[in-house]
Amino acid sequence: MKKTLVSYASKGGATEQAAKIVANVLKDNHGLEVELVNLRKESPDIAQYENAVVGAGVRAGKVYGEALDFLKKDFGNRRLAFFVCCGTAGDPNKREEACSEYITKVLARYPNLKAIAAEAFGGRMKILGKTVFDSIDPDKIRSWAETLVNKFA
Ligand SMILES: Cc1cc2nc3c(=O)[nH]c(=O)nc-3n(C[C@H](O)[C@H](O)[C@H](O)COP(=O)(O)O)c2cc1C
């Protein structure tokens, strides 16, 4: 029961990339036993994990449903870290709005969750193979992941 779940729902790949960064920090820098799970393909059994990270993308003002469905599960006393990747958060002038819409309001729907950390990161949008924007900041994601270790312990 000492495993840490790093789960994500991603359509364009930004959240998947972020989740992999988080998983690598926890595993490689801190020796945690981490399982990376794609919530669009699998619904993990939360009972197997001690802590969980849930990440999701945002489209049309909505956090991806697979992540929201997963948050409905009974996490008991497990510590949860939640993040989103979205266009709004990548704009410094709109980051607060992203945190309010996609973090604060979303977590308020699940009052039983023990969220020990939550963050909104930038995302990436491609249309017909052309990058419209790419505001993923791997260093920021790495720094955030570093802060999780003590909170999980
Ligand atoms: C069709 C579409 C709709 C989007 N709508 C929003 C939105 O409402 N708010 C926002 O902040 N970003 C929006 N974005 C940007 C996404 O949040 C960004 O592409 C992010 O990387 C999505 O995560 P993913 O790559 O893991 O799927 C949209 C992107 C697409 C392609």
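Derivation of every value follows stated rules applied to the coordinates shown; laboratory data play no part. None of these values were measured; they are calculated from a predicted model. Here the Cβ positions follow ideal geometry from the backbone for every residue, glycine too, while neighbour counts run over all protein chains shown.
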Next item on the list: Could you run through segment 19-65 and say how many residues are surrounded by fewer than 20 Cβ atoms within 10 Å (Cβ to Cβ) and either of a type in the set (K, R) or within 16 Å of Y102 (Cβ to Cβ) (or both)?
Entry: 9
Notebook entry, point to check: Would you call G13 more than 11 Å from the chain's Cα centre (by Cα) and either within 16 Å of the ligand (Cβ to nearest atom) or touching a residue at least 60 places away in the same chain (Cβ under 8 Å) (or both)?
Noted result: yes
Next item on the list: Could you check how many residues of segment 89-122 are surrounded by fewer than 17 Cβ atoms within 10 Å (Cβ to Cβ), among the aliphatic types (A, V, I, L, M) and within 11 Å of the ligand (Cβ to nearest atom)?
Entry: 0
Note to self: I need the full set of residues from segment 41-62 which are within 28 Å of A153 (Cα to Cα) and either within 15 Å of the ligand (Cβ to nearest atom) or small (G, A, S) (or both), in order please.
What the structure shows: S43, A47, A52, V53, V54, G55, A56, G57
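Residue-wise test of (1) within 15 Å of the chain's Cα centre (by Cα); (2) on the phi > 0 side of the Ramachandran plot; (3) in a strand (DSSP E or B).
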residue	(1), (2), (3)
A23	yes, no, no
L32	no, no, no
E42	no, no, no
A47	no, no, no
G55	yes, no, yes
A67	yes, no, no
Check: If you take the residues in segment 74-122 that are without any contact (Cβ under 8 Å) to a residue 40 or more places away in the chain and among the acidic types (D, E), which one is nearest to N150 (Cα to Cα)?
Finding: E119
